[in-house]
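The structure appears right after this line, and notes come after that.
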Amino acid sequence: MGAFQPIWRKNDFADAERMLKRLVAQELVLSFVPDAEQRLWRTVTRRKYQLTRDKVRFQNQLESLLEQAHIKLSSLVSDLLGVSARRMLKAIAEGESDPAALAAMADCRLRATPEQLRDSLGACGQLHPVYRRLLKMALAELKLMEDQMEQLDREASQMLQQHKETVQRVAEVPGFGVDSAIQMIAEVGPEAAAFESEKELSSWVGVCPGEEESAGESKSTRSPKGNCNMRRLLNQAAHAAIKVKGSIFDVTFRRLLSRLEYQEAIWAIAHRLCRLLWMILHKGIRYEERGPEVSAKSQRRRTARMIKELKAQGYLIAGGPVPAATQA
């Protein structure tokens with residue numbers, strides 16, 4: 001006879017009992033589950049984002065098709081889906097084979113010269129009819145995609161019509177805009193009522209610094225996982241906000257770059273935007289730009305701190321600010 005083999009029971013039952021006890025004792029923090037109306041908002045906005053990604057993928061596929069046909073249009077046109085490029089591609093799909101006639105369809109503001117365009121479109125004279133049919137199908141697919149995106153935009157705007165004032169207040173923040181405002185409201189709600197503070201919202205989004213400690217020593221400050229859609233929106237908004245010259249985000253970002261890496265500074269701006277979003281939604285306030293004022297105030301504080309440090313080192317500081325006429 002063989003040795004006795006013990007039968008081990010999985011921990012699923014014990015874990016279920018433990019979770020049930022904690023639920024009865026109200027020790028569990030339930031996940032944020034939006035109501036049916038907000039879930040519908042999310043469905044529409046997320047579908048719009050998926051179509052946006054599909055459009056980028058389609059542009060790469062279209063460029064590959066043109067390369068196979070020896071049409072080097074993408075090397076001269078910055079936007080392959082722009083007005084000039086579409087006009088020429090549509091003419092190619094419909095049977096136009098004269099490179100000079102195709103080059104004449106380009107907009108006058110296009111940097112490429114007519115000679116360069118004729119050279120890049122020279123293969124159209126001997127283009128196989130299969131490539132023309134494939135290009136025609138691709139343009140029809142692009143039109144269908146854009147029509148659906150416009151329809152989803154109208155659908156989202158109509159569903160959030162009663163919250164248009166909230167959308168406007170969020171869109172006023174540098175880096176946001178109307179489209180981002182609609183997507184954010186669809187994710188967190190028009191009043192962010194499920195989050196009692198800006199810290200809770202930042203933690204749920206996963207944009208706040210992490211706290212991984214062991215024996216009192218910090219192991220990592222990596223941000224926790226959160227709502228991937230909100231993380232994407234805030235990251236994009238942070239990149240746009242720091243480009244607004246004179247804004248508080250521009251001033252803060254340049255100050256953070258002195259001690260943080262670029263992506264870390266961007267993430268810090270995204271954290272500030274998330275906290276600001278909660279205040280706008282939850283408290284119903286409007287954004288007020290204080291960039292230049294904060295910059296001047298910070299400069300005065302820094303000057304006072306430097307004077308204090310110099311005096312602590314034994315230096316004698318006399319006089320006031322240097323007149324503007326005597327400055328170098």
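Quick note: the coordinates plus some simple rules give every number you see, no bench work behind them. This is a predicted model, so every value here is computed, not measured. Cβ coordinates were reconstructed from backbone atoms using ideal geometry, including for glycine residues, and neighbour counts include every protein chain displayed.
Give the residue list of trypsin sites (Lys or Arg not before Pro) in the range 55-146 that are DSSP loop and have at most 11 other beta-carbon atoms within 10 angstrom.
Arg109, Arg111
Could you compute the net charge surrounding Gly122? Neighbours are other residues with a C-beta less than 15 Å from the C-beta of Gly122; K and R count +1, D and E count -1.
On the way: positive: Lys72, Arg118; negative: Glu67, Glu96, Asp98, Glu115, Asp119.
Residues close to Gly122 contribute a combined charge of -3.
In whole Hz, what ³J(HN,Hα) sequence does the range 185-192 give by Karplus (6.51, -1.76, 1.60; θ = phi - 60°), x for Gly and Pro?
Once θ is set to phi - 60°, the couplings for the range 185-192 become 5, 5, 7, 10, x, x, 10, 6 Hz.
Would you mind ranking Met19, Met145 by Cβ crowding within 10 Å, fewest neighbours first?
Details: Met19 12, Met145 15.
Ranking Met19, Met145 by Cβ neighbours within 10 Å, fewest first, gives Met19, Met145.
With the cut-off at 1.5 for a/c, could you classify the range 36-159 from its C-alpha gyration tensor as rounded, prolate or oblate?
Numbers: a/c = 2.95, a/b = 2.30, b/c = 1.28.
Judged from the Cα gyration tensor, the range 36-159 comes out prolate (a/c at least 1.5, a/b above b/c).
As a quick test, which of the pairs Lys48/Lys245; Lys55/Lys90; Lys245/Lys308; Lys48/Lys243; Lys55/Lys143; Lys55/Lys136 have an alpha carbon distance above 22 angstrom in this structure? Provide the component values of the computation, followed by the final result.
Details: Lys48/Lys245 30 Å; Lys55/Lys90 18 Å; Lys245/Lys308 31 Å; Lys48/Lys243 26 Å; Lys55/Lys143 10 Å; Lys55/Lys136 16 Å.
Exceeds cut-off: Lys48/Lys245; Lys245/Lys308; Lys48/Lys243.
Given contacts defined as C-alpha pairs under 8 Å and at least six residues apart, what's the relative contact order of the range 54-213, whole-number percent?
On the way: 111 pairs, mean separation 28.2, N = 160.
After rounding, I find 18 percent.
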